[in-house]
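First comes the structure, then the notes that go with it.
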Amino acid sequence: EDGCCMRLRPKRPDVSSAQQKFTERLRFVCALLWSTRTPFLAIVLIEPIPLGRGLSLQRAYSTRSSRVLAAKAAIRCSLAISIFSSQFLNLLAMIRFILIQNRAGKTRMAKWYIPLEAHEKQKLIEEVHALVTVRDARHTNFVEFRQYKIVYRRYAGLYFCICVDTFDNNLAYLEAIHNFVEVLNEYFQNVCELDLVFNFYRVYACVDEMFLAGEIRETSQTKVLQMLNHYGSLE
């Protein structure tokens, strides 16, 4: 009838496909974190799901007054996913190989942490030498190399090179190289290239003490020198 106003109850909107995909992705990441035994990140993801006030994530999407809560949950979820991604990449990060070369291209030490054929190793050695020796002091001490990255430092006529992944910390490996050189200098008492040639087995022992399975094992110079002196006493 005219003049009669019927108050209709607003229809509850359906969850869109994008919101459904987000919910499915959230559940997948929670399950993945739980299966990989990272509960502290799983809590970050799972904890915002109730959203307080008795609202679930799906209800927050379909409730117009709870869009802010849903947005906060999405931000926290994205942050947790980024943290998980960075930690997952750190698990994959490792040293591929360590090289010590002189300016003439002679390899004084080569330590490999990935399986490679002999011809592939020789090819890598030549490419690294050609890449590093042409750089002067104005350039940085790290350069992209294939799908990896070379972090290097020059001491007199020797180049100490470490091949790592592109997302690894450059400064950490620069300090690791300098720490390694300081240990060699202390052990050989003012080390030179001939010490590396005639005492190569001691150099490899030092590398094994400081690096293990592609990771930095020990950073204490005192502990490394104690182990090297102990090995020397057994000879």
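Here are a few things to note about the model shown:
- Some residue of the stretch 110-117 being farther than 24 Å from residue 179 by Cβ and either of a type in the set (Gly, Ala, Ser) or in contact (Cβ under 8 Å) with a residue 60 or more places away in the chain (or both): no
- Residue, most open to solvent (accessible area, probe 1.4 Å), within the stretch 169-183, restricted to residues that are within 22 Å of residue 132 (Cα to Cα) and of a type in the set (A, V, I, L, M, F, W, C): 171
- Each residue in the stretch 196-219 was checked for being in contact with a helix residue (DSSP H, G or I) (Cβ under 9 Å, 6 or more places away or on another chain) and more than 19 Å from residue 108 (Cα to Cα), and 4 pass.
- All conditions in (1) open to solvent by 60 Å² or more (accessible area, probe 1.4 Å); (2) in contact (Cβ under 8 Å) with a residue 60 or more places away in the chain; (3) β-branched (Val, Ile, Thr) hold for residue 166, with the sole exception of (2).
- Test: residue in the stretch 190-199 that is within 19 Å of residue 215 (Cβ to Cβ) and of a type outside the set (Gly, Ala, Ser): no
- The number of residues in the stretch 193-228 being in contact (Cβ under 8 Å) with a residue 24 or more places away in the chain and of a type outside the set (Lys, Arg) comes to 20.
Results for (1) open to solvent by 50 Å² or more (accessible area, probe 1.4 Å); (2) within 20 Å of residue 121 (Cα to Cα); (3) acidic (Asp, Glu); (4) under 17 Å from the mean Cα position of the chain (by Cα), shown as yes or no for each residue.
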| residue | (1), (2), (3), (4) |
| --- | --- |
| 144 | yes, yes, yes, yes |
| 151 | no, yes, no, yes |
| 212 | yes, yes, no, yes |
| 216 | yes, no, no, yes |
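- As a summary of the residue check, residue 186 satisfies the conditions (1) at positive phi; (2) over 23 Å from the mean Cα position of the chain (by Cα) except for the one numbered (1).
- Residues of the stretch 154-190 classified as in contact with a strand residue (DSSP E or B) (Cβ under 9 Å, 6 or more places away or on another chain), modelled with pLDDT of 90 or more and among the β-branched types (Val, Ile, Thr), total: 4
- Criterion applied to 84, 88 was being within 15 Å of the chain's Cα centre (by Cα), open to solvent by 90 Å² or more (accessible area, probe 1.4 Å), modelled with pLDDT under 85 and not basic (Lys, Arg), and the one residue passing it is 88.
- Residue in the stretch 94-103 that is part of a strand (DSSP E or B), at pLDDT 90 or above and open to solvent by 40 Å² or more (accessible area, probe 1.4 Å) present: no
The values are calculated or read from the model by the stated rules, or taken from the named source; none is laboratory data. Since the structure is predicted, the reported quantities are computational estimates derived from the model, not experimental observations. Here Cβ is always computed from backbone atoms with ideal geometry, including for glycine, and neighbour counts include all displayed protein chains. Ligands, DNA and RNA are stripped out before the accessible areas are found, and what is left, the full protein with its side chains, is counted by its heavy atoms. Shrake-Rupley method; radii C 1.70, N 1.55, O 1.52, S 1.80 Å.
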